[in-house]
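Notes follow once the structure below has been shown.
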Amino acid sequence: MPTCPAPVRRLDPAAAAELTSAAAKLLARHGSATSPDLLADLPATCARLSAPLRHLLRPVDTADGLFVLRGLDVDDTELGPTPGHWSTVADAGARWDVALLLVSTLMGTPIAWDGQQDGRFVHNIVPSPGHESEQTGASSSVLLTPHTEDAFHPGRAHLLLLCCMRNHDGIATTAASVRLTGLDPADLDRLKRPVAPILPDDAYEQAQQFGGRPAPVPTLFDGPEGLTMRYDPAYTPLEETDPLWREAYERLGRELARVSVAVSLEPGDILVVDNDTVVHGRVPFRARYDGTDRWLKRASVRVEGRRTRPLAEHDEHGYGQAALTAWAA
Ligand SMILES: [Fe+2]
């Protein structure tokens, strides 16, 4: 087995059993992973988990800005075929949706979007026919350019969790932390200025129709604990920016490529990424479309009280999109 280039937190068999059995009980009680009652029940269920498990599932706490949680056991046969599109997943792999929601709840508050994957709190990432060359999770044949998840929106996640159901071809997820890059002070200054907007990505059709004027946002920000980043070159109109700023932006891209790691997730792995410091992407691959394709489940988490973003974000319109939270505050 190749060495994982990201820090690994290993769940021992007892911790893995505790998490999966809590997920199975919650699913049995509420019938579906998308049940609002199940979502509302997440905090109370998490409060009953043991202290060692809760400690293992603490948020990201290293400069890499990511870790792989390893030790959950996904049975490939029991899982059934990889769906051809997120809309046909229904409750396939629902136990893992609930396990992912429990892990998310221990780290913060799971969020969803009305305009994406029918408002589900756990998204299914599968390659889909006709979407091969998009810059969304449904693509396959192109490099999914490193990006901040939902960079266009001020309510985006602080943490992104990707749980691997199946990955027979070892297709790598890429991740790069801004805190490992080395830019000179002039570039840092330029990129902290709000120069270009970030437009909604192709997963948000409604937001792309929004009539409001796109506002420029800073790419980099000095948070109390260090540099943070909001970056999505595929959806940033770079051609409208001045050449000096654009060169600095391109140097940031090259630095991110230099420090990037490629993580081939194994079934049961949960990759936890700090969405304020780390951009993620995916290498190109050839989709199989035979029920055995790569299949990830994705959850997005807000961590209230974080001061990792400029206060001016509060005034952004978010292109008419609002984040939904798993339970009422
Ligand atoms: Fe993404």
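The values are calculated or read from the model by the stated rules, or taken from the named source; none is laboratory data. What you are looking at is a predicted structure, and each value in this text was computed from that prediction instead of being measured. We place every Cβ from the backbone using ideal geometry, glycine too, and count neighbours over all the protein chains shown. Surface areas here come from the heavy atoms of the whole protein model, side chains and all, with no ligands, DNA or RNA. Shrake-Rupley method; radii C 1.70, N 1.55, O 1.52, S 1.80 Å.
Summary table
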| read-out | value |
| --- | --- |
| Top-ranked residue of the range 115-124 - restricted to ones that are among the polar types (S, T, N, Q) and outside any strand (DSSP E or B), ranked as surrounded by the most Cβ atoms within 10 Å (Cβ to Cβ) | GLN116 |
| All positions within the range 288-326 that are open to solvent by 50 Å² or more (accessible area, probe 1.4 Å) and of a type in the set (Val, Ile, Thr) | THR325 |
| In the range 249-286, the residues that are within 28 Å of PRO218 (Cα to Cα) and of a type in the set (A, V, I, L, M, F, W, C) | LEU252, LEU256, ALA257, VAL259, VAL261, ALA262, LEU271, VAL272, VAL273, VAL278, VAL279, VAL283 |
| Any hit, the range 265-278, residues being surrounded by fewer than 21 Cβ atoms within 10 Å (Cβ to Cβ) and within 15 Å of the ligand (Cβ to nearest atom) | no |
| The range 140-152 - residue that is assigned to a loop (DSSP other than H, G, I, E, B) and not polar (S, T, N, Q) and, of those, nearest to the ligand (Cβ to nearest atom) | GLU149 |
| Candidate set from the range 84-114 (those that are in a loop (DSSP other than H, G, I, E, B) and in contact (Cβ under 8 Å) with a residue 12 or more places away in the chain); member that is nearest to THR20 (Cα to Cα) | GLY93 |
| Residue match in the range 26-45 (condition: assigned to a loop (DSSP other than H, G, I, E, B) and within 20 Å of the chain's Cα centre (by Cα)) | yes |
| Out of VAL301, VAL279, VAL273, sole residue that is over 25 Å from ALA92 (Cβ atoms), in a strand (DSSP E or B) and touching a residue at least 12 places away in the same chain (Cβ under 8 Å) | VAL279 |
| Subset of the range 206-225 that is modelled with pLDDT under 95, closer than 18 Å to PRO237 by Cα and outside any loop (DSSP other than H, G, I, E, B) - its residue that is most open to solvent (accessible area, probe 1.4 Å) | GLN208 |
| Test: residue in the range 45-67 that is at pLDDT below 95, among the β-branched types (Val, Ile, Thr) and over 29 Å from MET229 (Cβ atoms) | no |
| Residues within the range 162-196 that are open to solvent by less than 50 Å² (accessible area, probe 1.4 Å), within 21 Å of GLY223 (Cβ to Cβ), outside any helix (DSSP H, G or I) and of a type outside the set (Gly, Ala, Ser), tallied | 3 |
| Which listed residue, of PRO127, PRO81, is in contact (Cβ under 8 Å) with a residue 60 or more places away in the chain, assigned to a loop (DSSP other than H, G, I, E, B) and open to solvent by 30 Å² or more (accessible area, probe 1.4 Å) | PRO81 |
| Test set (1) surrounded by 14 or more Cβ atoms within 10 Å (Cβ to Cβ); (2) of a type in the set (Asp, Glu); (3) modelled with pLDDT of 95 or more - GLU247 fails condition number | (1) |
| Some residue of the range 86-99 being in contact with a strand residue (DSSP E or B) (Cβ under 8 Å, 6 or more places away or on another chain) and either open to solvent by 50 Å² or more (accessible area, probe 1.4 Å) or of a type in the set (Lys, Arg) (or both) | yes |
| Single match in GLY137, GLY130, GLY119, GLY155 (criterion: more than 14 Å from the ligand (Cβ to nearest atom) and closer than 26 Å to THR62 by Cβ) | GLY155 |
| All positions within the range 235-267 that are in a helix (DSSP H, G or I) and closer than 30 Å to ASP293 by Cα | TYR235, GLY253, LEU256, ALA257, ARG258, VAL259 |
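Quick grid of which residues meet (1) within 16 Å of the ligand (Cβ to nearest atom); (2) modelled with pLDDT under 95; (3) aliphatic (A, V, I, L, M):
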{"position": "LEU227", "(1), (2), (3)": "no, no, yes"}
{"position": "LEU256", "(1), (2), (3)": "yes, no, yes"}
{"position": "ASP293", "(1), (2), (3)": "no, no, no"}
{"position": "GLY305", "(1), (2), (3)": "no, yes, no"}
{"position": "GLU316", "(1), (2), (3)": "no, yes, no"}
